[in-house]
Structures are given as structure tokens and as C-alpha cells.
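Visitor: Let me begin by handing over the structure; questions about it come next.
The values are calculated or read from the model by the stated rules, or taken from the named source; none is laboratory data. Here the structure is a predicted model, which is why all the values come from computation and not from measurement. We place every Cβ from the backbone using ideal geometry, glycine too, and count neighbours over all the protein chains shown.
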């Protein structure tokens with residue numbers, strides 16, 4: 001364990017940051033899951049609405065530093081591809 005003042009502060013900051021990031025990552029996973037469930041149900045309107053929300057939030061998390069830019073781009077691209085597959089199936 002850290003012994004000097006600055007190291008102790010770093011431990012406190014890291015703990016707080018980890019907790020906050022965990023909250024946002026879980027939230028992001030749930031949004032992605034909502035899009036996938038809507039696609040599996042075949043509900044295009046619901047899928048598009050969920051995709052719109054997920055897209056906005058995922059890019060918001062990039063600006064907060066929760067995830068990296070390319071990670072967000074990859075997730076959003078995958079979701080768009082999934083929702084667009086509803087067009088081909090119809």
C-alpha cells in the first residue's frame with residue numbers, strides 16, 4: 001500500500017474513477033443489449049430508436065474518456081450493421 005500523501009490521494013482518485021467508469025460501461029452494455037433485442041424481435045422502429053440513443057451515449061462516453069474513440073466507432077458500426085440487416089431480411 002502507498003505510504004506518502006500523493007500516492008494515497010492517487011489511490012482515492014483511482015477508486016472513484018473506476019467506480020464511475022464501471023457505471024457508464026454497464027449502462028453502455030445495456031443500451032447495446034436493447035438494440036440487439038429489438039433486432040431479434042424484428043421491430044425496426046424500436047431498433048432505430050434504441051440505436052439513436054446508444055449512438056449518442058457511446059460518443060458521449062468518448063468525450064468523458066470512458067472508452068477510446070476507435071472502440072466507440074467499432075461498437076456503433078457493428079450496431080448500425082445489425083439494424084441495417086433488418087432491411088435485407090424484410
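Visitor: For segment 61-73, give me each residue that is part of a helix (DSSP H, G or I) and either surrounded by 13 or more Cβ atoms within 10 Å (Cβ to Cβ) or on the phi > 0 side of the Ramachandran plot (or both).
Guide: Residues satisfying the conditions are 61, 62, 71, 72, 73.
Visitor: Then there is this: Does segment 31-39 contain any residue that is assigned to a loop (DSSP other than H, G, I, E, B) and either over 30 Å from residue 14 (Cβ atoms) or free of Cβ contacts under 8 Å to residues at least 24 places away in the same chain (or both)?
Guide: no
Visitor: OK, next. Being touching a helix residue (DSSP H, G or I) at 6+ places or on another chain (Cβ under 8 Å), part of a helix (DSSP H, G or I) and either at pLDDT below 95 or loosely packed, with under 13 Cβ neighbours inside 10 Å (or both) narrows it down to one of 77, 85, so name that one.
Guide: One residue alone meets the criteria, 85.
Visitor: Search segment 40-52 for residues being part of a helix (DSSP H, G or I) and surrounded by 13 or more Cβ atoms within 10 Å (Cβ to Cβ), and hand back the single one that is modelled with the lowest pLDDT.
Guide: It comes out as 44.
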